[in-house]
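Here's the structure, in structure tokens; my notes come after.
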Amino acid sequence: MSSSQQMDEMKVKRGIVIKDDWPGYNLDLFTYPEHYHDDIENVYIPHGVIMDRIERLARYVTEDFEDSKIMVLCVLKGGYKFCADLVEFIKVLGRSSNRYLETRVEFIRLKSYLNDQSTEDLHIIGSSDLSFLHGKSVLVVEAIVDTGKTMKALLKHVETFEPKMVKVAGLLVKRLPTMTESLTDYVGFEIPNRFVVGYALDYNEYFRDLNHICVISKTGKMKYKI
Ligand code: HPA
Ligand code: MG
């Protein structure tokens, strides 16, 4: 492989890279729920762009997995929209090609955030028995990977059930100085270290009903603080 091909591959792996100085789009250019008017600064990633990127991720997944069946492990709650849309695109691709990837979706619920701060401990809420992953090709679907602590802990837990292979899809990956090895195989967008909400990502359970990914405002942070 030539060095320029390697560069291209690295860029593809990072996904769509959003620069530190990206101001987002003015709110007036889009529609969004009126009740969030003062609570968001801008539209950081519009819903349509999210969908277009997920369609492409679906193609990477379909091309990569050798098994004809995959077990999709959706990380709740933040991952529910990403997972539903990704699986939908995988199905559409299957119908329009002769490469049909059978998907089964299972859910795991994790919680590690209070306000906009990561807490140290990983809580698996509900059943932590993932024995249905044994011997399977697994795609872990997570909305956002930031410190990587949660993902690392989850992957360690998943490995104990001896799946055949495990890949990770992350819609958003935060660019952090501490970022070392990438845990994410399919990245939607690499974003600066800012707190974002919408498209099922929350701030204390608010904003999941916003379809764009947005940056929360100071007012919003104060209003929904616990
Ligand atoms: N937004 C919402 N939830 C999160 C984030 C974020 O930026 N980072 C980690 N969990
Ligand atoms: Mg959350």
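For segment 25-32, what does the Karplus curve 6.51 cos²θ - 1.76 cosθ + 1.60, with θ = phi - 60°, yield as ³J(HN,Hα) per residue in whole Hz, taken in order and with x for Gly and Pro?
9, 4, 4, 5, 7, 10, 9, 6
Each residue of segment 203-217 in order: what ³J(HN,Hα) in whole Hz does its phi give by Karplus 6.51 cos²θ - 1.76 cosθ + 1.60, θ = phi - 60°, with x for Gly and Pro?
Taking θ as phi minus 60°, the curve returns 10, 6, 6, 8, 6, 5, 8, 9, 8, 7, 8, 10, 9, 6, 8 Hz for segment 203-217.
Starting from the amide H of Asn42, placed 1.01 Å from N in the peptide plane, find each other amide H under 5 Å away whose residue is 5 or more places distant or on another chain.
Those qualifying (amide H under 5 Å, at least 5 residues apart or on another chain) are Val215.
With a 1.4 Å probe and every protein chain left in place, work out the accessible area per residue of segment 76-226 in Å², rounded to a whole number.
Each residue of segment 76-226 exposes 49 Å² on average to a 1.4 Å probe.
Only Cα pairs under 8 Å and at least 6 apart count here; give the relative contact order of segment 16-224 as a rounded whole percent.
Contact order relative to length: 27 percent.
Could you give the nm distance between label points at Leu114 and Arg194, where each point is 7 Å from its Cα heading toward the beta carbon?
Label at Leu114, label at Arg194, 2.7 nm between them.
If the rule is a partner Cβ under 4.7 Å, which cysteines in the chain fail it?
Cys with no partner Cβ under 4.7 Å: Cys214.
Skipping prolines and chain starts, which residues have an amide H placed within reach, meaning under 5 Å, of the one on Leu76, given they are 5 or more residues away or on another chain?
Answer set, sorted by chain and number: Ile108, Arg109, Leu110.
Could you tell me what percent of the DSSP beta bridges with both partners in the chain are antiparallel, to the nearest 5?
Bridges in the chain are about 35 percent antiparallel.
Two decimals, Cα atoms only, Kirkwood Rh: what is Rg/Rh over the chain?
Across the chain, the Cα-based Rg/Rh ratio is 0.96.
Determine the gain in length on full extension of the stretch Glu181-Glu162; use 0.36 nm per residue of separation and subtract their C-alpha separation, reporting nm with one decimal.
Taking Glu181 through Glu162 to full extension adds about 4.6 nm, to one decimal.
How much of the accessible area of segment 75-187, probe 1.4 Å, is carbon plus sulfur, in whole percent?
53 percent
What do you reckon, how do His123, His157, His212 stack up by accessible area (1.4 Å probe), largest on top?
Most to least solvent-accessible, the answer reads His123, His157, His212.
Can you run phi through the Karplus equation (6.51, -1.76, 1.60; θ = phi - 60°) for segment 161-166 and list ³J(HN,Hα) in whole Hz, with x for Gly and Pro?
8, 6, x, 6, 8, 9
Do any trypsin sites (Lys or Arg not before Pro) in segment 184-226 lie in a loop, going by DSSP, with at most 13 other beta-carbon atoms within 10 Å of their beta carbon, and if so which?
Answer by residue number: Lys225.
Along Cα→Cβ, 7 Å out, is where each label goes; now give me the distance between the ones at Lys69 and Ser131 in nm to one decimal.
1.8 nm
List the residues whose amide H sits under 5 Å from the amide H of Ile16, counting only those 5 or more places along or on another chain, with H placed 1.01 Å from N in the peptide plane.
Counting only residues 5 or more places away or on other chains, the set is Phe189, Glu190.
For segment 77-180, state the average projected area of the convex hull of the C-alpha atoms over all orientations, rounded to one decimal in nm².
Its average projected convex-hull area is 7.7 nm².
The values are calculated or read from the model by the stated rules, or taken from the named source; none is laboratory data. Keep in mind that what you see is a predicted model, and the values were worked out from it rather than measured. Using ideal geometry, Cβ is built from the backbone for each residue, glycine included, and neighbour counts are taken over all protein chains shown. Only protein heavy atoms, including side chains, enter the accessible area calculation; ligands, DNA and RNA are left aside. Shrake-Rupley method; radii C 1.70, N 1.55, O 1.52, S 1.80 Å.
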